[in-house]
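A short worksheet on the structure shown next.
Values quoted throughout were computed directly from the atomic coordinates according to the rules given, and no laboratory measurement underlies them. This structure is a prediction, so every number in the text was calculated from the model and none was measured. Glycine also receives a Cβ, built like all others from the backbone with ideal geometry; neighbour counts cover every protein chain displayed.
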Amino acid sequence: MPSMVNSVCTVTGPTIIDVHSQINSIQDRCAYSLFSTPSLQDFQVQGNFEDQRRKDVSFLGSVTLLVDGHDIHLEQGGRVQLDDSTLTLSSSSQLVHGVQLSKDQTGVTAKLSLSNLTISVFFDGDTAQIHLEGPSGSSVEGLCGNSSRSLSDLRLSEYSSTSCEMQYSEPADSTINCNSVTERCNLLKEAPFSSCNSDIDPEPYITACTDTLCKYPAVDGLDCQFLKAYARACSLHNHTLDGWTSKTGCSSEAFCQDRTCSDHEFCGEKTVDGDTRCFCRAIFASKYQANNSLGDPTVCMQNSASVTLVGCLLEDKGIDYSALHLKDPTCRGQVDELTHMVTFSFNSSNSCGTVVTVGFISSSLPSTSSQTSSSIFWDYTLTMQSFTDAGRKQAVESNTEVQLNQKIWVELKTDGLDGDMVVMVTDSCWATDQPSPDSTPRYDLIINGCANPADQTVQVEENGLGTANYFSFNMFQFTESSGEVYLHCKLHLCPKQNNCVPTCPAHRRRYARSKYEGEAFISMAWTH
């Protein structure tokens, strides 16, 4: 009888502990080959790494079994997908393309049995363990084998996202006490773990634990993840480690079991008492945080428009999407159950109370090359956004507190205009306490392209110089009103070859309105 081997490869956090107890660490967010063997040509286990709360630390996010041209995805929360369909699993094994799949409260197990080799892949949403039982001569390739191949050779580019190799750096977390972390990780050399130390070397697990937790906060079950991984590896060698959970305050059950997050989210601790939710991944969230926004810009079509907000960003701010609505309280957002994105839509037949701006402006402009007139249609988007800083980086959001007499900057911006041919001129802006721009009382901020001389707080900048301009004023409130302030602006386009800058007390340049422009109108509202 050939000698048999009983080997375990553990992948937890960014670390791979191979079948020879050697460790490797993944620094990026790509897919890698964890296990393959020449005796099984159409079988491979791959690990998919993702960022979570920090951009510079990656974690094993999911495991994929490539079997006979099919993909079996083991994902966080215990979700299992076969190609594009979701499987419903239980503790009883279900045979899928020769693989026995089962699920219990600790995680999901995929088992493949051949005549002389058994491969068992376990995944609990954080840790994958590949258990091999077979002849000692069985060759193990991939990160789980003692491979001389480099990480880049084992990277599976065809299964990885673009730019997955990009490296990020972030400031160190000053709240982390590495000494206490090391003390926690060293529990693996104490009872009851020590009874297993002779069979499974605890040092690689301790190294994986300290390397991760000395630079990443011990949240989302991480303080137990590495201990749990070692305990399970021991159980595969018939060590029960009685009482390890009570000594460490850990549970053997899978963290975030049955909570499904989207691709740009991960499941984490909402509160210290164990409540969980889906959080935005750090890299995904950073592009929104850079603009201080909660979603994507409004998409305007010819007869409709929609704005999409990111569910996990709303939760970060403590905003319940179901409480949000457009001006018409019946127009509420629809949440996508897969992506958790919230979309608000309106169209010409149901405007949801919005004031729709002019989308098309027809202008007859003299052609600079031939000096003959030709009709040009400008298809552009006009946006109005308010900010609390002069650099216009801190946008006023639904939860921003704006104080009376606080300076506010309002930017009027177009997208789709040729700045070499036309500029935008803001003619007038005024405020009302009712949605209608024609209602009274009315308070003027900009008159004939210039700041209202009666209000010294108003400043108009870059008006008539380009395809965007902005102005600032001190926030006010109408007396004896509902507290709502509606801001309205009228503007027009002007051929750049004309002098389009309004003549104001601070300007000496002559301004003559062109007869060729079209007008546009836009409104926004504040509620105190």
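Structure notes:
- Each Lys and Arg contributes +1 and each Asp and Glu -1, all at the Cβ; summed about the Cα centre of the chain, the dipole is approximately 1300 debye.
- Per-selection Kirkwood Rh - the range 294-334 (Cα, Å, 1 d.p.): 11.3 Å
- Peptides 119-128, 240-249 ranked from most to least packed by the mean count of surrounding Cβ atoms within 10 Å: 119-128, 240-249.
- Proximal lysines to Lys247, defined as alpha-carbon separation beneath 18 angstrom and excluding residues fewer than eight positions away on the same chain: Lys189, Lys228
- Diagonalising the gyration tensor over the Cα atoms of the chain and scaling each eigenvalue by 5 before taking the square root yields semi-axes of 61, 25, 21 Å, largest first.
- Residues of the range 285-299 with amide N under 17 Å of a point placed 7 Å along Cα→Cβ from Gln334: 299
- The share of Cα pairs per 10 Å bin across the range 274-317, counted from zero up to the longest distance, runs 25, 44, 23, 7, 1 percent.
- For the range 449-483, GluC sites (Glu not before Pro) meeting the loop criterion (DSSP other than H, G, I, E, B) and having at most 13 other Cβ atoms within 10 Å: Glu480.
- Cα gyration tensor, the range 5-121 - rounded (a/c under 1.5), prolate or oblate: oblate
- Contour minus Cα-Cα distance for Lys111 and Leu324 (0.36 nm per residue): 72.0 nm
- Legend: Rg and Dmax of the range 78-141, from Cα coordinates, 12.7, 37 Å.
- In order along the range 467-476, the phi-based Karplus estimate (6.51 cos²θ - 1.76 cosθ + 1.60, θ = phi - 60°) of 3J(HN,Hα) comes to 8, 8, 8, 8, 8, 10, 7, 8, 5, 9 Hz; Gly and Pro are listed as x.
- Normalised size of the range 219-273, defined as Cα radius of gyration per 2.2 N^0.38 Å with N residues, equals 1.31.
- Sparsely packed loop sites in the range 116-212 (the trypsin sites (Lys or Arg not before Pro) outside DSSP H, G, I, E and B with at most 14 other Cβ atoms within 10 Å) comprise Arg149.
- Rounded, prolate or oblate (a/c below 1.5 giving rounded, otherwise prolate when a/b exceeds b/c) for the range 384-450 by Cα gyration tensor: oblate
- Entry note: the range 148-272 has Rg to Rh equal to 1.01, where both radii use alpha-carbon atoms and Rh is the Kirkwood radius.
- The slack in the chain from Asn347 to Ala290, taken as 0.36 nm per residue of separation less the alpha-carbon distance, amounts to 17.5 nm.
- Placing unit charges on the Cβ atoms of the charged side chains and taking the dipole of the chain about its Cα centre, the candidate lying farthest along the positive direction among Ala229, Gly78, Phe59 is Phe59.
- Calculated mean residue ellipticity at 222 nm for the chain: -3000 deg cm²/dmol, from DSSP H runs with n ≥ 4 weighted as -39500 (n - 2.57), summed, divided by the residue count and rounded to 500.
- Spin-label model, Gln167 to Phe476: label points 7 Å out along the Cα-to-beta-carbon direction sit 5.7 nm apart.
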